[in-house]
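Right, one structure below, let's go through it.
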Amino acid sequence: QVQLAESGGGLVQAGGSLRLSCVGSGTIYSVNRMGWYRRTPGEQRELVASIDGPGGTTYADSVRGRFTISKGSAKNTIYLQMNSLKPEDTAVYYCYARLRPHEYSDYHGEDYWGKGTPVTVSS
């Protein structure tokens, strides 16, 4: 069973920084893409940043230049370095992975989600 565990959320003042971590565990044959989404109350979940197998990255316009997604040295680990945080970055941040649990899983992979970690930026 695949699990994604996030950590690193918390309360920070505007202009500050936080680093989120996500570790995938369980039976994982290969990972197509991992990333971070966020959701604020009453809003849709939105993509913040993602990184694919070769290391290609995608960012939301609202965070580009402030946030950096990266892979960890440990397998199935990613980070989100968040700098120059703004109150509008306040949300629950979810780790996401599209992966193949087994060699015989669908080539396009399956979607998995973490439980989320809250980030609060005070003004």
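Between R39 and S73, full extension at 0.36 nm per residue minus the direct alpha carbon distance yields a gain of 9.5 nm. Accessible surface area normalised per residue over region 1-100 is 51 Å², counting heavy atoms of protein chains with a 1.4 Å rolling probe.
Taking the accessible area of region 1-92, probe 1.4 Å, and keeping the other protein chains in place, the carbon and sulfur fraction comes to 46%. Computed extension length for T57-N32: 7.8 nm, one decimal, from 0.36 nm per residue of separation with the Cα-Cα distance subtracted.
Based on Cα contacts under 8 Å between residues 6+ apart, region 1-104 shows a relative contact order of 37 percent.
The phi torsions of region 31-44, fed into the Karplus equation with coefficients 6.51, -1.76 and 1.60 and a -60° offset, translate into couplings of 10, 7, 7, 10, x, 10, 10, 9, 9, 9, x, x, 10, 6 Hz, rounded to whole numbers, with Gly and Pro shown as x.
The values are calculated or read from the model by the stated rules, or taken from the named source; none is laboratory data. In this text the structure is predicted, and so the values were computed from the model without any measurement. Surface accessibility is based on the protein's heavy atoms, side chains included, excluding ligands, DNA and RNA. Shrake-Rupley method; radii C 1.70, N 1.55, O 1.52, S 1.80 Å.
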